[in-house]
Amino acid sequence: MKFGRLARPGEVALADLPEPTAGPGEVTVTLAACGVCGTDLEKLRGNYRTAGILGHEPVGRVAAVGEGVEGIALGDRVFVHHHVPCYACEVCARGDYTFCPTFSKTNLDPGGFAETFRVPRENVERKAILRLDPSVDWDSGSLLEPAGCALTAIRKVGLPEGASVFVLGLGPVGLLYARLARSLGAGWVGGTEVSPLRRAAAERGGIDAAVDPREPEAARKAVDRGTGGRGVDLAVVATGHPAVARAATELVRRGGTVNLFGLPQSGGRLDADLQDLYLRGVRLVPSYATTEPEIADVHRLVVSGSLRIADLVSHRYPIAEIAEAFRRAARPDESVKVVVTGRAH
Ligand SMILES: [Zn+2]
Ligand SMILES: [Zn+2]
């Protein structure tokens, strides 16, 4: 079978492996779709300090069920989460599951961009396989992981009813964040984005103001209009550029929160006015990744119709064309969300 991997820096290519089998406690899944995430692109650029496994937003059909696995049947339509915490260490005991040392060591084999992938026993045991409701299409299913990341972040920072939110970087995950905030009762929601296609996706999702950050003072003017000059309750840094993080600190109100949400540039430094942050009581809260309860909750929101996301997938490429999928995903002007599809689609 074929799978997509980093061939060398800057190049994703197909490789061959024997079809994986399901050992005791394991499951294999035939791929339907897996989104190309911004972090996959950063791995390609060599800007992400992790192992180079690509693809972590997969949905598909269960191909084989190993001995002792209960509640999962052949042919089930599923979403599979690649990382699971240990639920036993002191980091987990404090509820910081995504920062558990085990979390980022767990993964699918050989990754989400594979015609068939193996779900290890620890992922199966910790409920990383979610059965999709029949109403949830493959496109929406492939967005559950990034949407879960947004929900984890929102719960971490807290989003009171009516809170104003500004998302800097309305790429796929920023758009999911903005739409989720909208569906969870945020008040005014705005954001910045250079790509007109992505700004249009924001407007379709009921975002109040999506502005081009290349226009002078565009973010400041939008926030002033949206909040009567007060500043937003929550500014979300959904891109990796350090200057954007700094801009976020300047857009929040007194006592407001900046959520570091997108993967920052490797080695990026925050050049912010510390006395200003101190005197205005600005909180900086990082949020990385997601866990099963939030993924299950965003699935419920999609099933109930209160979170609409399927229209965010703008391009689908069969796994044989994975290199083109990555090229397209790296061009914000030409795509919103790109997914790679497999035999189960
Ligand atoms: Zn992702
Ligand atoms: Zn742990």
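Each value in this text was obtained by applying a stated rule to the coordinates, not by laboratory testing. Worth saying up front: this structure is predicted, and the values here are computed from it rather than measured. Using ideal geometry, Cβ is built from the backbone for each residue, glycine included, and neighbour counts are taken over all protein chains shown.
Considering only DSSP beta bridges whose two residues both sit in the chain, what percent are antiparallel, to the nearest 5?
Given both bridge residues lie in the chain, the antiparallel proportion sits at roughly 55 percent.
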Just to confirm the number: angle between the C-alpha axis of helix 144-157 and the first principal axis of the chain, 0 to 90 degrees, nearest 10? 40 degrees
By the Kirkwood definition, with r running over pairs of different Cα atoms, segment 148-286 has a hydrodynamic radius in Å of 14.5 Å
Using amide H atoms built 1.01 Å from N in the peptide plane, name the residues 5+ places from Thr102, or on other chains, whose amide H lies under 5 Å from its own. Cys86
Show the residues, 5+ positions off or on another chain, whose built amide H is closer than 5 Å to the amide H of Val232. Val252, Arg253
Taking the chain as the region of interest, what is the percent of Cα-Cα pairs per 10 angstrom bin, listed from the shortest bin to the one with the maximum distance? 6, 26, 34, 23, 9, 2, 0
How big is the gap, in Å, between the Cα center of segment 291-330 and the Cα center of segment 155-184? 17 Å
Net charge contributed by nearby residues that have their C-beta within less than 15 Å of Gln275 (K/R +1, D/E -1): -1
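To make sure I understand, if each residue's beta carbon is the centre and we count other beta carbons within 10 Å, what order do Cys34, Cys89 fall in, fewest to most?
On the way: Cys34 33, Cys89 16.
By the 10 Å Cβ count, ascending, the order reads Cys89, Cys34.
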Apply the Karplus parameterisation 6.51 cos²θ - 1.76 cosθ + 1.60, with θ equal to phi minus 60°, to every residue of segment 296-310 and state each ³J(HN,Hα) to the nearest whole Hz, in sequence, with x for glycine and proline. 4, 5, 5, 4, 4, 5, 5, 4, 6, x, 7, 10, 10, 9, 4
Bin by bin, in steps of 5 Å, what percent of the Cα pairs in segment 1-147 do you find, going until the bin that has the longest distance? 2, 10, 19, 21, 20, 16, 8, 3, 0
Scan of the chain for GluC sites (Glu not before Pro) in DSSP loops with at most 15 other beta-carbon atoms within 10 Å gives a longest site-free stretch of 218-333
Restricting attention to segment 66-165, which trypsin sites (Lys or Arg not before Pro) occupy a DSSP loop and are surrounded by at most 10 other Cβ atoms within 10 Å? Arg94
Determine the calculated [θ] at 222 nm for the chain from helices alone, applying -39500 (n - 2.57) to every DSSP H run no shorter than 4 residues and normalising by the residue count; nearest 500 deg cm²/dmol. -8500 deg cm²/dmol
Per-residue ³J(HN,Hα) for segment 55-64, Karplus 6.51 cos²θ - 1.76 cosθ + 1.60, θ = phi - 60°, Hz, x for Gly and Pro: x, 9, 10, x, 10, x, 10, 5, 9, 7
On each of the three principal axes the extent of the alpha-carbon atoms of segment 283-323, given in whole Å and largest first, is 42, 29, 20
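Report the trypsin sites (Lys or Arg not before Pro) located in segment 236-321 that are in a DSSP loop and have at most 10 other Cβ atoms inside 10 Å of their Cβ, or state none.
Listed in order of number, the matching sites are Arg269.
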